[in-house]
Structures are given as structure tokens and as C-alpha cells.
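Some notes on the structure that comes next.
Nothing in this text is a laboratory measurement; each read-out follows from the coordinates by a stated rule. Only a predicted model underlies this, so the values are computations on that prediction, with no experimental measurement involved. Backbone-built Cβ (ideal geometry, glycine too); neighbour counts: all protein chains shown.
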Amino acid sequence: MSETRTRPEEIWLYDSYGRFLDNDPDEDRLVARAPEDCPNGFPGLIFDVDPGRTQQPFMLIKRETRPMPLPMIEPVIQQGVALSLRITDSDGPFVEARGGFIASHEDGSVTLGEREEGESILLTPIPMRTAKNIFPDSGLVLKDQDGHPMEAPRPTSGLRVLIGERAYSLEVIGSILTRMGTIPPGESTTLVLPATASEPEETITAARYMPPRS
């Protein structure tokens, strides 16, 4: 199954090392890639959720059609917004991985059938509109309450995102990233960053850069 274009309702899978699960179309295998390394600015793997598919409501879909199938999966809820993907194949090439998990490793490799708990099997599903705000081409321009420039959202480890110099879990910052995703080019909005263990809450301005017309 293939998806050649992005759709606003797409869901991408963010791993514990600040990368997204992707399908390498050249070698037809799952890998994990940082946002700046994703071809065309988006990952090649979609976490598809459709309650209407009663037998298989959760699926992994490749953006580009390739012959190697993907494993059948079911989500296992972990702490916060994290989940793990358990492999459920009863026959075919992934039968030996049945009951194990999809695991993303620090070197960018992805393995199937992981039996151990740990950060390698933790993933967070993020809607595309939210996820694009931590990609290099987001166009977001942030300023702190004194008008000083801040670094735009960017990925970090531990299922977290950096905004400026603050690290937030996706559970805490997800709604703010979603609001950032609704800012049209050329417009801005005011947002309140939650307090952290060492910093109070802070009001910031977020704007979307409007590229010049050619």
C-alpha cells in the first residue's frame, strides 16, 4: 500500500531519539530518520488508524510502494503519550517476530521482534500538522516576552521537544505544537510556555514565515 502525497490527517511515529520511523525505499526496510534527513521533508511511513477496519484498525503504510510487506501491529499503551507496536503476524515473513515489538535504536536501525522493555520500543504518534513544527522547514519564528529571538521547536531525546532552551515532554507541549501548526504564513499568535522545574511559565510570540514570491 502506498501514499505518494501527505494528507493533513496523517500520523507519524516519533521515537525516543528524536527521529521518525521511515521506510527506506532503496533497501525496502524500516529505519529511523531525523527530520532533516527525511526525504522530501516527511517520513516514508504512516501510522494509519481506521476504526472502520474492524479486523485491523491499526496499520503501517509505506508512502512509496515496495514489495516487502510490513508487519501487522497492535498498539500497547505505555506511560503518558507513548505506545509500543506489538507484532501480531501469525504467518509470513514476520511470524518469528510475533509477540515482540518494533524497536528503534540509537544508530537509526529498526528491528522487529524486540522482547525487552526499554526506550527502544517507545514511540509517540504525532499528527502531521503537529509534527511538521519540529522540522527544519516549519517556517516558525519565535520571540520571547522581551522580543528576543528563540530557537524554533526541534527534536530531542526521551520523547521530548526543545522550544528555545526548554525541553518539554510531548504530553505537556503537544497542544502548543498543534496550535503552532494552525498559524497561517505571515501571521502570528501569542502562546504561553508551561513552567518547567527550573523556569516559570513564559509568554512568547510565534509567527509563520511567509516566503517571498518568486
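Computed from the coordinates I sent, Cα extents along the principal axes in Å equals one of [x] 50, 41, 40; [y] 59, 36, 30; [z] 60, 45, 35. Tell me the label.
Derived directly from the coordinates: [z].
Return the distance in nm (one decimal) between the two label points of a simple spin-label model at E64 and E116, each offset 7 Å from Cα along Cα→Cβ.
Placing both labels 7 Å beyond Cα along the Cβ direction yields 3.3 nm.
With everything on Cα atoms, drop me the angle between helix 170-180 and the longest principal axis of the chain, reported from 0 to 90° to the nearest 10.
The two axes meet at around 60 degrees.
With +1 on each Lys and Arg Cβ and -1 on each Asp and Glu Cβ, and nothing else charged, work out how big the dipole of the chain is about its Cα centre, in Debye to the nearest 20.
680 debye
For region 138-208, with equal point scatterers placed on the C-alpha atoms only and solvent neglected, what are the log10 I(q)/I(0) values from the Debye formula at q = 0.18, 0.19, 0.22 1/Å, to two decimals?
Values returned for q = 0.18, 0.19, 0.22 Å⁻¹ are -0.64, -0.72, -0.98.
Normalised by the residues of the chain, what does the relative contact order come to in percent, with Cα pairs under 8 Å and at least six apart?
Worked out over the chain, it gives 18 percent.
With the crude spin-label approximation of a point 7 Å out along Cα→Cβ, what separation in nm comes out for S188 versus T205?
Those two pseudo-labels are separated by 0.2 nm.
From the backbone phi of region 151-166, what are the Karplus-calculated ³J(HN,Hα) couplings (6.51 cos²θ - 1.76 cosθ + 1.60, θ = phi - 60°) in whole Hz, Gly and Pro given as x?
Values, residue by residue: 6, 5, x, 8, x, 8, 7, x, 6, 10, 9, 8, 10, x, 10, 9 Hz.
With +1 assigned to the C-beta of every Lys and Arg and -1 to the C-beta of every Asp and Glu, and no other charges, what is the dipole magnitude of region 100-188 about the Cα centre in debye, to the nearest 20?
380 debye
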